[in-house]
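Bear in mind these aren't lab numbers, they're just calculated from the coordinates by the rules spelled out. Note that the structure is predicted; figures quoted are calculated from it, not measured. Positions of Cβ are generated from backbone atoms using ideal geometry, with glycine treated the same way; all protein chains shown enter the neighbour counts.
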Amino acid sequence: MTLWDKIRNYFYKKELAERLRTLNVTRAITNLNDAKSIGLIYDSTDPANDSVIAKFASDLRKQSKSVDILGFINDKKLNYKAGIAAFNKKNLTWALVPEGGEVETFSEKKYDLLLACFVGENLPLEFIARVSNAKWRVGFYDASKTDCYDMMINMGEHKELPYLLEQSVYFLNQIKAA
């Protein structure tokens, strides 16, 4: 890690700590069946992810779920994709903290379930997951990011988005309602 990355990471963590200090969310275990409102965050840089997320959201909506989608486009020029709220590099501070209307609206909404639909490090999306008002947050397993999610999916050797979604649905359906 370069000196610049260390400095940027310091200020990223500082901004995150400030946001978490003011966050007042009651987390609650939620299974997929009981979730009425679901937020999906994903990396929209790869166009293949768009179709996977669109199909997944459509399947959830067929189950009478309210679904909002927020995509991150790792590009400074492209900032819009049909059917999703999106943000790009222009919506990041120099410390990689996401900001702007779409991000704030999504982060402040009280979802029953937040699904982080990406694998690997993505600091802007991880920030949103951490400060989300969602009751229950689900994402991929990374031992250094246990504060991002309430339930983590161990991907093993698999690093594909469809596998993460499949495993998330499977484990969320295993949770028994109280």
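Looking at region 81-178, which trypsin sites (Lys or Arg not before Pro) are in a loop (DSSP not H, G, I, E or B) and have at most 13 other Cβ atoms within 10 Å?
Counting only loop positions with at most 13 other Cβ atoms within 10 Å, the trypsin sites (Lys or Arg not before Pro) in region 81-178 are Lys110, Lys159, Lys176.
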Under 5 Å, built H, 5+ apart or other chain: amide partners of Phe140 | Phe118, Ile153
Output the antiparallel fraction of DSSP beta bridges having both residues in the chain, as a percent to the nearest 5.
-> 10
In degrees, nearest 10, the alpha-carbon axis of helix 47-62 is tilted away from the dominant principal axis of the alpha carbons of the chain by 40
So, with +1 on the Cβ of K and R and -1 on the Cβ of D and E, and no other charges, what is the size of the charge dipole of region 3-174 about its Cα centre, to the nearest 20 debye?
-> 400
Determine ³J(HN,Hα), in whole Hz, for all residues of region 106-120 in sequence, where each value follows from phi through the Karplus function 6.51 cos²θ - 1.76 cosθ + 1.60 and θ = phi - 60°; x replaces Gly and Pro.
-> 5, 5, 7, 5, 8, 7, 6, 9, 10, 10, 8, 9, 8, 10, x
Could you let me know the centre-to-centre spacing of region 72-93 and region 152-173, using Cα atoms, in angstrom?
-> 25
Computed over region 74-178, Cα set: Rg, Dmax in Å | 14.4, 47
37 °C / 0.692 mPa s Stokes-Einstein diffusion coefficient of the chain, Kirkwood radius on C-alpha pairs, µm²/s = 198
Using alpha carbons only, how many degrees (0 to 90, rounded to 10) separate the axis of helix 3-22 from the longest principal axis of the chain?
-> 50
Could you tell me which chymotrypsin sites (Phe, Trp or Tyr not before Pro) in region 1-91 are loop residues by DSSP with no more than 16 other beta carbons within 10 angstrom of their beta carbon?
-> Tyr80
Taking the chain as a Gaussian network, where each spring joins two C-alpha atoms under 10 Å apart, which residue of Ser51, Ser132, Ser66 fluctuates the most?
-> Ser51
Could you give the length gained on full extension between Ile175 and Lys89, defined as 0.36 nm per residue of separation minus the Cα-Cα distance, in nm?
-> 27.3 nm
